[in-house]
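Novice: Okay, handing you the structure first.
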Amino acid sequence: MFLGSQFNTAAVTGPQYGSVGMESARNILGGCPNKTVDLAIARSVRFGGNRNLQFRLGVFNAFNIVVINDRNRNVIYRSPTDLTVVNSQYLPDGSVDPARLTPKNAGFGAATGAQPMRNMQLQIRLGF
């Protein structure tokens, strides 16, 4: 599972002395757009009178699109004067840190959760 950077981690900086905590710009932690498609197919069978039987198949996330819905937003700096990121997802050479390959160990900016993949539900309804 690739846990690459989900936002520009270089756009985030730590607070300076005397700061009110507003150094980072607004909306820099935007996530993935939700492009899931849900479908439903229904078939009704009449039995006479007011009685009928309906079969319904609902498919959620029909095209099996991965939508990342959580990322590690916590950054840890070495000190207030040394703004070196301690919990980086990447090594200095740019490769992914092998110690941060799972969501529980993910570094700053990495994906840690996703919406469920394709899900199908069958419903049978009897009306009378």
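Novice: Under the Karplus relation 6.51 cos²θ - 1.76 cosθ + 1.60, θ = phi - 60°, what is the ordered set of whole-Hz ³J(HN,Hα) values for region 85-102, x standing for Gly and Pro?
Specialist: Ordered by residue, 3J(HN,Hα) equals 6, 7, 9, 6, 6, 10, 7, x, 7, x, 7, 5, 5, x, 7, 10, 8, 10 Hz.
Novice: Leaving out ligands, DNA and RNA, and with a 1.4 Å probe, what % of the accessible surface on the chain is carbon or sulfur?
Specialist: 55
Novice: I've got another one for you. What is the calculated FRET efficiency for Ser79 to Met117, with r their C-beta to C-beta distance and R₀ = 41 Å, to the nearest 0.05?
Specialist: Result of the calculation: an efficiency of 0.45.
Novice: How much length would be gained if the chain were fully extended between Ala11 and Ala40, taking 0.36 nm per residue of separation minus their Cα-Cα distance, in nm to one decimal?
Specialist: Net length gain for the segment: 6.2 nm.
Novice: Moving on to the next point. Taking the Cα centre of region 18-128 as origin and charging only Cβ (+1 Lys, Arg; -1 Asp, Glu), how large is the dipole, in debye to the nearest 20?
Specialist: About 900 debye.
Novice: Please find, in a Gaussian network model of the chain (springs between Cα atoms separated by less than 10 Å), the residue of Thr81, Thr13, Thr102 whose mean-square fluctuation is greatest.
Specialist: Thr81
Novice: Determine, from the Cβ-Cβ distance of Phe60 and Val96 and an R0 of 41 Å, the FRET efficiency 1/(1 + (r/R0)^6), rounded to the nearest 0.05.
Specialist: Efficiency at R0 = 41 Å is approximately 0.85.
Novice: Follow-up. Could you tell me which label, among (1) 11, 32, 27, 19, 9, 2, 0; (2) 14, 48, 33, 5, 0; (3) 11, 27, 22, 14, 11, 8, 5, 1, 0, carries the value of P(r) over Cα pairs in 10 Å bins from 0, in percent calculated for this structure?
Specialist: The value computed from this structure is option (3).
Novice: Leaving out ligands and nucleic acids, note down the accessible area per residue over region 18-128 with a 1.4 angstrom probe, in whole Å². It would help to have the intermediate numbers written out before the result.
Specialist: On the way: 8080 Å² over 111 residues.
Ligands and nucleic acids excluded, the figure is 73 Å² per residue.
Novice: Let me ask something else. Among Ile65, Ile41, Ile76, determine the one that fluctuates most according to a GNM of the chain built with springs between C-alpha atoms less than 10 Å apart.
Specialist: Ile41
The values are calculated or read from the model by the stated rules, or taken from the named source; none is laboratory data. What you see is a predicted model, and the numbers here were worked out from it, not measured in a lab. FYI the Cβ positions are ideal-geometry reconstructions off the backbone, even for glycines, and counts take in every protein chain you see. All accessible areas refer to the heavy atoms of the entire protein, side chains included, with ligands and DNA or RNA removed. Shrake-Rupley method; radii C 1.70, N 1.55, O 1.52, S 1.80 Å.
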